[in-house]
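First the structure, in the form of structure tokens, and then the observations on it.
Readers should treat all values here as calculations from the given coordinates under stated rules, not as data from a laboratory. Every value quoted in this text rests on a predicted model; they were computed, and no experiment measured them. Virtual Cβ from ideal backbone geometry, glycine too; neighbours counted across all protein chains shown.
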Amino acid sequence: MLHSLPLFHRIAGQRVVVVGSGDMADAKARLVERAGGIPCGETEAHHARLAFVALEDERAAEAAALRLKRAGLLVNVADRPDLCDFTLPSVLERGDVLVAVSTGGASAGLAKHLRLRLERLLPQSLGPLATALSTARDRIRDRFPRSDDRRRAIDAALSQGGPLDPMVEGSDARLDQWLDCGETPESRAVLEITLTSDDPDDLTLRQARALGEADTVMHYAGVAEAILVRARADAARVLLPADPPPEGRTVILRKG
């Protein structure tokens, strides 16, 4: 189960309440401003939808949170995950690409250090690649008119070793060449895999990649949910008849 529903909230030009003073409140206000929002006091809560409470006194923080919630705002209370309607992840930014790491308030320090590891792994060219893909959206639609073909073509281009591999510096510069020369991927492919356990960490790299790219996941009742959630959220799921093979962990993946 996910402990939270991950969302990115657009606040540009909107008021966001920040209650408190000192370094903790200043940090929240700077974050709001960085996202284009306008920090304001509790007296302007009727104009806002989000609020941050950054008070050292626990009783005062709880009282402020209750007032703001009664006013209909979603509230984050510093160091009090039990009072939070939402929590703040540790954010890595590469232009239009935002990577958020959250522990649901369990440990901000852990989230920060995971983000620092990712900082070393993800190239600065991710931002330009995202911008290039956005700018070329109409050209991509013209090149691959069918939505299924378009999704498969982009998946193939962005995969490891592909012409637009996001982990390779300068991949944005190869977008024009890909559009000029890229071939339409095969329309259909079927792969049958047999799982060795219910632990997703035991998936091979090939199995994990196939799950992430499949349009349809056909499985028996014995396949663990922890495995199935590794597929795309919009992939169709088909429960196979009740007589599974002896191993009981066969999954059939279909693209197209």
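Think of the chain as a dipole: +1 on every Lys or Arg Cβ, -1 on every Asp or Glu Cβ, centred on the Cα centre; then among LEU88, LEU68, ALA111, LEU68 lies furthest on the positive end. Taking Cα pairs under 8 Å and at least six residues apart, what relative contact order does the range 126-181 come out at, in percent? Reported relative contact order: 35 percent. The dipole here belongs to the range 189-255: it is taken about the Cα centre, uses +1 on the Cβ of Lys and Arg and -1 on the Cβ of Asp and Glu, and is about 280 debye.
With the simple spin-label model, which puts each label point 7 Å out from Cα in the Cβ direction, the ALA226 to LEU158 separation comes to 2.7 nm.
From the helices alone, meaning DSSP H stretches of at least four residues, give me the mean residue ellipticity at 222 nm for the chain, per-run term -39500 (n - 2.57), in deg cm²/dmol to the nearest 500. Don't skip to the answer; put the middle values down first.
On the way: 9 runs with 88 residues, N = 256.
Taking each H run of at least 4 residues, the total per residue is -10000 deg cm²/dmol.
I need the shape label for the range 45-98. Rule: rounded when a/c is under 1.5, else prolate if a/b > b/c, else oblate, with a, b, c from the alpha carbon gyration tensor. Intermediate values should be presented prior to the final figure.
Values: a/c = 2.92, a/b = 1.62, b/c = 1.80.
It comes out oblate by the Cα gyration axes.
Expressed in units of 2.2 N^0.38 Å, where N is the residue count, the Cα radius of gyration of the range 10-87 is 0.97.
Charges only on Cβ, +1 for Lys and Arg, -1 for Asp and Glu: so what's the dipole of the range 10-87 about the Cα centre, in debye to the nearest 20?
Working: 11 positive and 12 negative charges, 90 e Å.
Computed about the Cα centre, the dipole is about 440 debye.
Maximal additional length on extending the SER147-ARG80 stretch stands at 19.7 nm, based on 0.36 nm per residue less the C-alpha distance.
Charges on Cβ only, +1 for Lys and Arg, -1 for Asp and Glu, centred on the Cα centroid of the chain; of LEU5, GLY41, ALA189, which one is farthest towards the dipole's positive end? In the chain, that residue is GLY41. Below 8 Å, C-alpha to C-alpha, sequence gap of six or more: please give me the relative contact order for the range 1-97 in percent. It rounds to 23 percent for the range 1-97.
The candidate values were (i) 21.4, 71; (ii) 19.2, 71; (iii) 22.8, 66; the one computed from these coordinates for Rg and Dmax of the Cα atoms in Å carries the label (iii).
Give, rounded to the nearest 20 debye, the magnitude of the charge dipole that the chain has about its Cα centre when Lys and Arg contribute +1 at Cβ and Asp and Glu contribute -1 at Cβ. Could you put the intermediate results ahead of the total?
Numbers: 34 positive and 38 negative charges, 112 e Å.
Once rounded to the nearest 20, the dipole reads 540 debye.
I'd like to know which of GLN14, VAL251, SER125 lies farthest towards the positive end of the charge dipole of the chain, counting +1 on Cβ of Lys and Arg and -1 on Cβ of Asp and Glu. Of the candidates, GLN14 comes out farthest on the positive side.
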